Amino acid sequence: MLHKTLESYKDSRDIFVVNPVTQTSHSKQQFYNMAIHRMSNIGHVNGVSHVPVSNTIESMADILAHALLGNTIQLSPPDRDHVIEQIEADCDLLVGSSGSTGFSKRIRLTWKNCIVNSMAMARLMGANSNNTHMLLMPLHHVNSLFYSFMASFIVGQRVIMPSRPDILSFWRWVEEYDVRSVNVSPTIVRYLNSRNAPGTTKLSTVISASAALKKKDHMTFKEKTGIDIIQGYGLSEATNFSTVMPLDSELRHEVNQHFSDEPVLSVGNALPGHEITIASGESQGELLIKSPSNFEGYLGDDAQRMLVATGDVGYSKMFKGKHFWFLKGRTKEIIKYRDETLYPQDIEQWIQENLEGKIEFFCFGFENRSDGESIGILVDTETWNDTLENDIKSLRHKGYAYYPRLVMVRDMDRHVTATKKPKRLHTAQQVSPKYQDLSFGKKIMIDTV
């Protein structure tokens with residue numbers, strides 16, 4: 001399919017990629033020539049080729065050239081060197097897991113499975129050659145790689161790809177380039193919520209992935225823009241998306257209204273061919289995914305996973321004859337506080353509801369002899385001030401179970417992944433040795449060191 005699609009670009013002068021930062025554009029014909037040129041320069045590679053990528057059309061051409069040559073590649077951030085690792089990987093693509101819940105592993109994928117997932121999302125989200133899509137997240141991330149780039153390439157839709165992020169220019173680019181769809185992260189949504197938005201816009205399809213989107217952020221964005229964000233869910237072990245909310249905005253509104261009492265937003269229905277079950281057989285538990293795009297196993301592990309144990313706790317509810325899935329949190333991140341089982345996302349939701357203003361933070365549990373596990377939050381130094389400190393200290397009067405016992409004030413970028421997922425376990429491991437013997441009682445400890 002990739003060869004055939006590229007061949008269709010050969011004589012087309014239609015615009016394929018626009019960089020709004022430099023205001024440069026490239027036609028499909030130019031992309032064809034670029035990819036063919038890269039193929040002749042690269043040739044067949046023995047071993048794993050580590051390919052540094054940035055959000056540029058040159059990186060897109062590099063990725064496609066390696067795919068067409070049948071080389072095994074692993075994508076890296078742009079500041080890395082292009083090296084060849086002399087190992088046998090027995091796959092087309094190595095993807096590093098985010099490391100948000102522990103040590104990062106290398107996931108073995110095939111382009112065949114990647115195309116299956118990309119095309120399924122393209123059909124569900126209405127991607128087509130008349131559409132203009134904005135690619136905002138890093139190209140080496142699976143959402144950008146498979147949905148924003150690969151799906152766009154296959155269906156021939158135009159891609160607006162800033163070479164560097166600039167949230168201040170987001171709405172100007174949307175209007176200037178007639179952007180109709182975009183793939184974002186919850187962090188990007190929060191940034192956009194802190195800025196003015198146009199009264200009307202042609203942008204209609206906004207998909208949030210990579211982490212759970214909080215209900216408050218979802219509602220704020222809808223109030224500012226009139227756009228009901230589409231939540232999706234997936235993991236690299238299943239290539240990318242496994243569930244997504246419906247494209248039909250009226251149906252999506254019905255679903256959200258019907259489940260308005262749920263503590264979290266629904267991440268939608270399973271993609272065609274995807275089967276999601278609960279490992280325990282109970283109404284809530286760890287989700288298992290069986291899909292046509294499941295990975296080939298981890299590097300160094302030859303066992304192919306027909307069934308992916310996600311590590312995510314969730315449940316489903318029926319609406320109009322379909323299962324709508326909800327996520328509670330990661331199995332490894334559950335906080336066993338005394339005799340209660342708490343989920344970081346629930347605590348984050350509660351804290352957001354009880355604090356005014358913008359705050360960048362995440363919740364984690366850490367070992368403590370008195371409590372079993374205590375509740376901590378990490379707050380970004382950029383948002384920390386005396387008012388916020390007093391507001392957080394007042395939380396203990398509003399809900400005994402949920403308020404944090406420890407507040408770590410740190411540089412947020414050091415405690416999140418490249419796609420802004422919290423490194424909860426990493427943070428907990430740093431905290432536990434210092435605070436595991438401390439009895440908090442009803443105090444809130446502030447750590448700004």
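Across segment 144-160, rounded Karplus estimates of 3J(HN,Hα) from the backbone phi angles (6.51 cos²θ - 1.76 cosθ + 1.60, θ = phi - 60°) give 5, 5, 8, 7, 6, 8, 5, 5, 5, 4, 5, 8, x, 7, 6, 10, 9 Hz, Gly and Pro being marked x. In loop segments of segment 1-47 as defined by DSSP, the trypsin sites (Lys or Arg not before Pro) with at most 12 further C-beta atoms inside 10 Å of their C-beta are K10, R13. Inter-label distance, D413 to S8: 4.1 nm, where each label sits 7 Å from its Cα along the C-beta direction. In the chain, a dipole from Cβ-located charges (positive for Lys and Arg, negative for Asp and Glu) runs towards its positive end, and of I334, Q430, T24 it is T24 whose Cα lies farthest in that direction. Of the residues T448, L388, F364, the one whose Cα sits farthest toward the positive end of the charge dipole of segment 341-449, with +1 on the Cβ of Lys and Arg and -1 on the Cβ of Asp and Glu, is F364. For the chain, give the share of DSSP beta bridges that are antiparallel, in percent and rounded to the nearest 5; count only bridges with both residues there. Of the beta bridges lying entirely in the chain, close to 60 percent run antiparallel.
Placing a pseudo-label 7 Å from each Cα along the Cα-to-Cβ vector at K393 and M1 gives an inter-label distance of 5.8 nm. Computed over segment 69-155, the convex hull of the alpha-carbon atoms projects to a mean area of 7.1 nm².
Here the sum of -39500 (n - 2.57) over DSSP H runs of 4 or more residues, divided by the residues of the chain, equals -8000 deg cm²/dmol at 222 nm, to the nearest 500. Cα to Cα, under 15 Å, and not fewer than 8 places away if on the same chain: which aspartates and glutamates meet these conditions relative to K442? Candidates past the 8-residue exclusion: D371, E373.
Are there GluC sites (Glu not before Pro) in segment 84-185 that DSSP puts in a loop and that have at most 10 other Cβ atoms within 10 Å, and which ones?
Values: sites: E85, E88, E175, E176; in loops: E88.
Those that pass, being in a loop and sparsely packed, are E88.
Along the charge dipole of the chain, Cβ charges K/R +1 and D/E -1, which of L247, I87, A151 sits furthest on the positive end? Projecting each Cα onto the dipole axis, the largest value belongs to L247. For V17, the residues 5 or more places off, or on other chains, whose built amide H falls under 5 Å of its own are H26, V159.
In debye, nearest 20, what is the charge dipole magnitude of segment 334-447 about its Cα centre with +1 on Lys and Arg Cβ and -1 on Asp and Glu Cβ, if you could check?
Values: 17 positive and 19 negative charges, 60 e Å.
Dipole about the Cα centre, nearest 20: 280 debye.
Given segment 368-449, what percent of its DSSP beta bridges are antiparallel, to the nearest 5? Walk me through the numbers on the way to the answer.
Working: 2 of 10 bridges.
Around 20 percent of the beta bridges assigned by DSSP in segment 368-449 are antiparallel ones.
Return the lysines within reach of K202: Cα separation strictly under 17 angstrom, same-chain partners fewer than 8 residues apart disregarded; answer none if there are no such residues. Reachable lysines: K222, K224.
Please report, in debye to the nearest 20, how large the charge dipole of the chain is about its Cα centre when each Lys and Arg carries +1 at its beta carbon and each Asp and Glu carries -1 there. Present the calculation step by step, with values, prior to reporting the outcome.
Values: 49 positive and 51 negative charges, 80 e Å.
Computed about the Cα centre, the dipole is about 380 debye.
Approximating the spin labels as points 7 Å out from Cα along Cα→Cβ, the F440-to-H82 distance works out to 5.0 nm.
So which lysines pass the test for K28, namely a Cα distance under 22 Å, with those fewer than 8 places away in the same chain ruled out? In chain and number order, the partners are K4, K10. The overall shape of the chain, judged from the alpha-carbon gyration tensor, is prolate: a/c is not under 1.5, and a/b is greater than b/c. Just tell me the longest site-free run in the chain, where the sites are chymotrypsin sites (Phe, Trp or Tyr not before Pro) in a DSSP loop having at most 13 other beta-carbon atoms within 10 Å. Excluding the exposed sites themselves, the longest stretch runs over 104-399. Largest first, the three principal axis extents of the alpha carbons in segment 334-447 are 32, 31, 23 Å in whole numbers. By its C-alpha gyration tensor, with a ≥ b ≥ c as the square roots of the eigenvalues, how is segment 149-268 shaped: rounded for a/c under 1.5, else prolate for a/b larger than b/c, else oblate? Taking the square roots of the gyration eigenvalues as a ≥ b ≥ c, segment 149-268 is oblate.
With Cα atoms defining each centre, segment 184-227 and segment 252-327 are spaced 24 Å apart in the structure.
Any read-out appearing in this document is the output of simple, stated calculations on the displayed coordinates, not a laboratory observation. It should be emphasised that the depicted structure is a prediction, and the values quoted were computed from it without experimental measurement. So basically every Cβ, Gly included, is an ideal-geometry build from the backbone, and we count neighbours across all protein chains shown.
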